[in-house]
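Here's the structure, in structure tokens; my notes come after.
The values are calculated or read from the model by the stated rules, or taken from the named source; none is laboratory data. This structure is a prediction, so every number in the text was calculated from the model and none was measured. Glycine also receives a Cβ, built like all others from the backbone with ideal geometry; neighbour counts cover every protein chain displayed. Side chains are part of the model used for accessible areas, which takes the heavy atoms of the whole protein and leaves out ligands, DNA and RNA. Shrake-Rupley method; radii C 1.70, N 1.55, O 1.52, S 1.80 Å.
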Amino acid sequence: MSTPSESFSTFYESSASPEELSATYWNDIKRRHLGHEAYRHARLAVSDEANPMALLRLGRVLYFGVGTRRNANLAHYFYKQALRRGVTQAWQYIFETYADGTRHIASDFESERGEATTFPAAVRSYYRDILEQARQTGNYGILSAMRSHIKIFYPDYDKQTGISDFLNGRDTLHAQLFYSLSTVHNEKERHHAHIDDFMRQLCRPLTDDATLTRSIDAMDVDDVLRHDEGELYQALLHFEVSHAALQKRRGVEDVDIPLPSLLPYFPFIPMETFSMLRRQILRCLLTALDIDPDLRQEYLSHLHTDEYLVQICEKEQDEDMQLLLLSFVELQIDIETIQLEYLTLYRSYRVGNYERLCDYLNDYASTLTNAGVTHHLPVFTPDNLPVIDA
């Protein structure tokens, strides 16, 4: 076996700290152009069968594309091999591949189950543990992705109980599952804290400029919105207007809707805000549907199918209800679009694709320029991005 260089001697050790497995550590190796050497030693270390930690390290090398082409699927394979060999740390990285969207849990489950109607208890327990961690950490997108199989893992789930608990603010398992399954767009309800922290660091050049912040605060909010945020603003405005009209005309219950102008758009909309907004508009929708039992039943049966929802909207005779239903669909799509952008930026950072991060900031700067906002933002390149530790 080759003698490891001093830089990578730890690759042959049977333990590793979280810092040694983090994105910061691996991206630093790439920045120092040591990726090929790191990959070579990671491969060599795996030949020692007595060191299952080497499997996890190789998985991390493949996940981040250190010295080799990025391969998230192969990384996932080595994570699972490490877990089977007793490396409990591997669990969080397996979960991470589902939470950041690089792996699709339903596809993995269906592939592992095959055509069988029954499957080993270990398989059921493995996926149940993932779903439970997702539920407890607010990664509802993972639960949403498993909508077709949810009864296998939560046989006692009752949709009507979930609706009642959700409307009454009870944070029960039924309410959480109902919210997770209420729309297919919930699949982007993932990694809130991680992504908010990452976006905060990425957008530091915007928030560090106090003059720029004051200039934006002095303008009308819709003048400084990027395209996707502008679409969201308009859809929320339509939803608010139609709900207010239904309250006045048909006695719909009053439910707080965040005012479009009061959302925290600058420098980005936090993922937690999206989650709050999605919950509130779902509550508003449910209370509005109470005035028409037939419409309520049909709509709730197809909340995860946009095409069918639009068909229902088109048949609705009440124009205010029609606008509310259409706006609900539009809002789900608009929220998902922005969440997907944040998820993509987050994944790009984690694999060292800094060009995508630069494009985002430069697009933001162009939006401000076109709105007539004075700023001194540079043209961003990988060399002048803010330091990110996420």
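Among the residues making up segment 89-139, a single one is among the β-branched types (Val, Ile, Thr), surrounded by 14 or more Cβ atoms within 10 Å (Cβ to Cβ) and more than 20 Å from ASN73 (Cα to Cα): THR137.
Only residues that are under 19 Å from LEU331 (Cα atoms) and acidic (Asp, Glu) were counted in segment 174-230, giving 5.
When THR213, THR207, THR183 are checked against the criterion of being touching a residue at least 40 places away in the same chain (Cβ under 8 Å), surrounded by fewer than 16 Cβ atoms within 10 Å (Cβ to Cβ) and touching a Lys or Arg at 6+ places or on another chain (Cβ under 9 Å), a single residue qualifies: THR207. Which residues, counting only those in segment 216-230, are surrounded by fewer than 18 Cβ atoms within 10 Å (Cβ to Cβ) and among the acidic types (Asp, Glu)? Matches in segment 216-230: ASP217, ASP220, ASP222, ASP223, ASP228. For segment 1-48, a tally of residues being at pLDDT below 90, aliphatic (A, V, I, L, M) and buried (at least 16 other Cβ atoms within 10 Å of the Cβ) returns 1.
For segment 51-100, the set of residues classified as of a type in the set (Gly, Ala, Ser) and more than 24 Å from HIS36 (Cα to Cα) consists of GLY86, ALA99, listed by residue number.
Taking (1) assigned to a helix (DSSP H, G or I); (2) closer than 26 Å to ASP228 by Cβ; (3) open to solvent by less than 10 Å² (accessible area, probe 1.4 Å) in turn, LEU303 satisfies each apart from (1).
Restricting SER275, SER327 to those that are in contact with a His (Cβ under 6 Å, 6 or more places away or on another chain) and surrounded by 17 or more Cβ atoms within 10 Å (Cβ to Cβ) reduces the list to SER327. Of all residue pairs spaced 6 or more apart or on separate chains, those with beta-carbon atoms under 9 Å, a first member in segment 42-66 that is closer than 17 Å to VAL351 by Cα and of a type in the set (Lys, Arg) and a second member that is open to solvent by 10 Å² or more (accessible area, probe 1.4 Å) and not in a loop (DSSP other than H, G, I, E, B) are ARG57/THR10; ARG57/GLU20; ARG57/VAL46; ARG57/PHE78; ARG60/GLU20; ARG60/TYR25; ARG60/PHE78; ARG60/TYR93.
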